[in-house]
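I have placed the structure first, in the form of structure tokens, so that the comments after it can refer back to it.
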Amino acid sequence: MGLSGAFAIWAGALGLVAMALAITRPNVVHALIWVVAGLISLAAGFFALGAGFAGAVQILIYAGAIIAVFIFVVMTIDSGDAALARERVRLGKGWKLPLVLVLAVLAPVALSLPGGGLDGAPVAVPAQRLGALLFGPWAVAVEVASAMLIAALLGARHLARREGGQ
Amino acid sequence: MTGLVPLIALGAGAVLAMLLAPKAPAWLVRGVAGAAMALAAGVSALRLGLPVGDGPAILSDDGLARFGTLVASLTGLAALVWLRPAPPAREGPALMALATLGAALLSGATHAAPFFIGLELVTLSLIAMFVLPLTRPALEAGYKLLIMGGAGAASLLMGLAFLYAASGSLEFQGWTPVPGLRGDPLMAIGTAFLLGGLAFKFALVPFHMWAPDGFEGAPAAAAAFAGAASKAAVAIALVRLADVGLPEPVWSGALMALGAASILLGNFLALRQSSLTRMLGYSSVAHSGYIAVIVASGLAAPEAVPFYILAYAPALLAALCVGARLGPDPRIEDLRGLGWRSPLSGAALTLGLISLAGLPAVAGFIAKIYLFVAILSAGDWVSVVAAVIGSALGFYYYLRFVVIVWRRLPPGTEDTPYPVREAPAASAPALPLAEVAVLVSASALLLAAGLYPAPFTEVLAALVP
């Protein structure tokens, strides 16, 4: 395992800690900030393993766009001390079953990974190769993905029009 | 590359119908979407028996893909005929073309990317079509499909990620296990998640809750598409995945258990329903179970699943088309005497229901024979018992609806052809020509495939390489 492998493991550990904090914080905004931290750690891991494009997507789209929208939405909803108290009570109970389920799924995964997964130096995958895939053999899937967005757009527009009173 | 013509036609038709929708008259919008579906259906029907064509690496241009496209386009075309949403909902035809495109892509998918995108395109278009009337039941049905479809998509993606991590391949064929290679637990978990996600989309128990609500609350056209076309496409995807050899006993065992549970619960819950559409919703859960059990039994007869689709789709279309005529959420008492007042509606509904029940002389009987041959040759007694109990229950509740169609009304009430509790403006006394065409062709198909199945089974057996 080289330097980049060690860095990837360190980034992954940081990500785990951040995501655990995201689940256990009673304040929703704090929890979302921890999710951002977790996603950035994940992106650092991607960069260290040579997947620069995946890392950039992780930061730009997930941390930058999606979670940012979540934070804006949550901040527009007034969550005062009552919400904090309610979250504290909810976090106090009912965490055991989900934890057991997560471990039941993750344990065989961790045990079956071949040789720790980081043998040798990571191979960098340039964005050009992904682009060649998207515009070559995957072109049909990309085109139909745009049709998927049209379907979502039509549905959202139809639902929103009623609220406009039109 | 001729295999791409249906996909291109459907995509172009959807975009054109969407652009025309705000200004153009409604008949033109429906005509554009309908022409695209007719073109897709015609091309697939003409190429049904041709050898496997070449195309993009992630799609297969084989008989199954053409059959799936044909079923989806014809269902879409039939549903377009009675897509009569509230006036502002002009998006209907475009959404129907998009859903057809998704089902066509899904039935050709041999790769994780078109598989997932096809499934999600069908689900997203269906959600939008479910909420078209903007009534409370429709919004509830759409919301349920949104939440459950989202959970299903998450499970599906998780499964695909595990399969990719274990095999390094996104192609279905790359998932064939290599003996002695590490990563088998990953494959097994991936298969379980994949099946969980597919069960949501296929409305298998315990992930079936959206189906009865959707059939009851959503427009009949959207329900018909969800029940017939999207189910056919998922069934074809299951047939393709069964060919891969995903890890046992997870694949067959879980599919068999989900199927048997769906047969039992779907039929039991349909038993006491007094609403025609809700009964059809639960019956669609049961029929998903039958198809899942056939796939889990190892597909000894390659034409079994296509023939089941051929028997199920027209029967459901006929029943829902007649139901849509009777107004929103038709009850069993609304059907009383329907056969005497509108013989065509009564006959089509009767044929559809006895085909769903699996009685002789209609296609459903042959489909049931395929079902029992498949599970008896597999020798799994749990599913045999489930199928026997389910079929017996089916006779009861389908025939309950058939009998009342041919009961005479009390004297003095024969005047109105469609005595609905609250007569909707859309239900004209006479059947429009397009609906007559749908009912007649569905009935003819059911009778032809039931009385003389040999030509159908020959064509369908040649579909599967």
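Structure notes:
- For the range A:67-86, a residue qualifies if it is surrounded by 12 or more Cβ atoms within 10 Å (Cβ to Cβ) and of a type in the set (A, V, I, L, M), and the qualifying residues are A:67, A:68, A:71, A:74, A:75, A:83, A:84.
- Contact annotation: no residue pair with Cβ atoms under 7 Å, 6 or more positions apart or on different chains, pairs a residue in the range A:96-111 that is facing chain B (nearest Cβ under 10 Å) with a partner that is loosely packed, with under 10 Cβ neighbours inside 10 Å.
- Restricting the range A:112-138 to residues that are in a helix (DSSP H, G or I) and facing chain B (nearest Cβ under 7 Å), the residue that is modelled with the lowest pLDDT: A:114
- In the range B:109-121, the residues that are within 9 Å of chain A (Cβ to nearest Cβ) and within 17 Å of the chain's Cα centre (by Cα): B:118, B:120, B:121
- Scoring residue A:99 on the criteria (1) within 22 Å of the chain's Cα centre (by Cα); (2) at pLDDT below 75; (3) farther than 24 Å from residue A:43 by Cα leaves a single failure, condition (2).
- Checked against the criterion of being surrounded by 24 or more Cβ atoms within 10 Å (Cβ to Cβ), modelled with pLDDT of 90 or more and under 21 Å from residue B:316 (Cβ atoms), the candidates B:108, B:102 yield just one match: B:102.
Yes/no per residue for (1) within 27 Å of the chain's Cα centre (by Cα); (2) closer than 18 Å to residue B:112 by Cβ; (3) aromatic (Phe, Trp, Tyr):
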{"site": "B:178", "(1), (2), (3)": "no, no, no"}
{"site": "B:185", "(1), (2), (3)": "no, no, no"}
{"site": "B:202", "(1), (2), (3)": "yes, yes, yes"}
{"site": "B:208", "(1), (2), (3)": "yes, no, no"}
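- Count of the range A:27-51 residues, restricted to those that are surrounded by fewer than 16 Cβ atoms within 10 Å (Cβ to Cβ) and in contact (Cβ under 8 Å) with a residue 40 or more places away in the chain, is 2.
- Any chance residue B:58 is within 11 Å of another protein chain (Cβ to nearest Cβ) and without any contact (Cβ under 8 Å) to a residue 40 or more places away in the chain: no
- Flag for residue B:53 being surrounded by fewer than 16 Cβ atoms within 10 Å (Cβ to Cβ) and out of contact with any strand residue (DSSP E or B) (no Cβ under 7 Å at 6 or more places or on another chain): no
- When the residues of the range B:177-204 are filtered to those that are at pLDDT 85 or above and part of a loop (DSSP other than H, G, I, E, B), the one that is surrounded by the fewest Cβ atoms within 10 Å (Cβ to Cβ) is B:204.
- Of all residues in the range B:131-150, exactly one satisfies the criterion of being surrounded by 24 or more Cβ atoms within 10 Å (Cβ to Cβ), within 9 Å of chain A (Cβ to nearest Cβ) and assigned to a helix (DSSP H, G or I), namely B:142.
The values are calculated or read from the model by the stated rules, or taken from the named source; none is laboratory data. Predicted, not measured: the structure shown is a model, and the values here were computed from it. FYI the Cβ positions are ideal-geometry reconstructions off the backbone, even for glycines, and counts take in every protein chain you see.
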